[in-house]
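Quick notes on the structure that follows.
Throughout, read-outs are computed from the coordinates displayed, never taken from laboratory work. These numbers come from a predicted model, not from an experiment. Cβ placement follows ideal geometry from the backbone for every residue including glycine, while neighbour counts extend to all protein chains displayed.
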Ligand code: ADP
Ligand code: MG
């Protein structure tokens with residue numbers, strides 16, 4: 001069974017068709033990097049996978065649960081999916097520990113001690129064990145993004161979705177965040193990563209998916225897609241970003 005199974009996924013906004021029939025499987029433990037030009041539908045694809053957007057057609061199944069089934073418990077299903085955005089969206093009035101415990105307490109109903117134990121373990125995992133009592137404004141962008149990753153991990157997700165997690169960071173802070181993501185990949189986390197970081201895609205991804213105009217144009221092993229693309233559209237895109 002695939003961790004994520006997407007079949008015939010379509011999404012329209014009014015008359016604009018943004019996803020035109022996406023078929024994509026992600027195996028358990030697989031790291032898939034999604035690349036493609038701005039406006040090609042990458043964010044919409046991720047947002048349909050955790051139902052931040054309602055698909056207009058097709059099915060999305062995560063960990064055996066079809067999210068597009070009208071009878072599914074959406075909140076329960078969504079808890080299985082961790083999402084990390086370009087903007088970290090930490091609560092400014094909460095400490096790092098508060099940010100990583102609040103959803104555990106409210107959504108998973110963990111008691112304070114358990115939530116803090118899980119938070120500390122995940123902050124350790126992202127290299128920020130010493131920042132538990134800091135407020136977000138005292139942290140660099142890279143540290144804030146690592147807190148956001150710890151916050152997602154604390155919910156015990158079955159898959160992690162990353163939407164350009166390093167695009168808002170100063171260049172010197174990108175490496176630490178990518179390092180944390182590489183660690184998760186090594187631990188066997190199932191990950192879908194929208195990124196422009198071609199060296200990360202090349203080194204960490206099991207598969208690279210190139211999207212353009214709301215469709216998957218091609219996909220395959222990173223070295224094959226990045227070094228030896230089959231399609232003209234992929235070549236044109238890569239020539240711009242590499
Ligand atoms: P990418 O992440 O690849 O840059 P997006 O998925 O963000 O692409 O957007 C794809 C297209 O969908 C764009 O043309 C964008 O303007 C449009 N779009 C995205 N979200 C909305 C929305 N909520 N309402 C209308 N159009 C949208
Ligand atoms: Mg996007």
Breaking point among (1) within 16 Å of ligand 2 (Cβ to nearest atom); (2) farther than 30 Å from residue 225 by Cα, for residue 87:
(2)
Among (1) away from ligand 2 (no atom under 16 Å from the Cβ); (2) surrounded by 14 or more Cβ atoms within 10 Å (Cβ to Cβ), residue 42 falls short only on (1)
Only listed residue being under 23 Å from residue 31 (Cβ atoms) and surrounded by 20 or more Cβ atoms within 10 Å (Cβ to Cβ), chosen from 186, 163:
163
Where a residue in the stretch 28-50 is more than 14 Å from residue 83 (Cα to Cα) and in contact (Cβ under 8 Å) with a residue 24 or more places away in the chain and its partner, wherever it lies, is part of a helix (DSSP H, G or I) and near ligand 2 (Cβ under 8 Å from one of its atoms), with Cβ under 6 Å and at least six apart
34/42; 36/42
Collect the residues in the stretch 10-30 that are assigned to a strand (DSSP E or B), away from ligand 2 (no atom under 16 Å from the Cβ) and exposed (fewer than 14 other Cβ atoms within 10 Å of the Cβ), keeping them in residue-number order.
23
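So that you can scan it fast, the table gives a plain yes or no per residue for (1) touching a helix residue (DSSP H, G or I) at 6+ places or on another chain (Cβ under 8 Å); (2) free of Cβ contacts under 8 Å to residues at least 40 places away in the same chain; (3) within 16 Å of ligand 1 (Cβ to nearest atom); (4) part of a loop (DSSP other than H, G, I, E, B):
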site: 77; (1), (2), (3), (4): no, yes, no, no
site: 87; (1), (2), (3), (4): no, no, yes, yes
site: 92; (1), (2), (3), (4): yes, no, no, yes
site: 98; (1), (2), (3), (4): no, yes, no, no
site: 103; (1), (2), (3), (4): yes, no, no, no
site: 113; (1), (2), (3), (4): no, yes, no, no
site: 122; (1), (2), (3), (4): yes, yes, no, no
site: 127; (1), (2), (3), (4): yes, no, no, yes
site: 133; (1), (2), (3), (4): yes, yes, no, yes
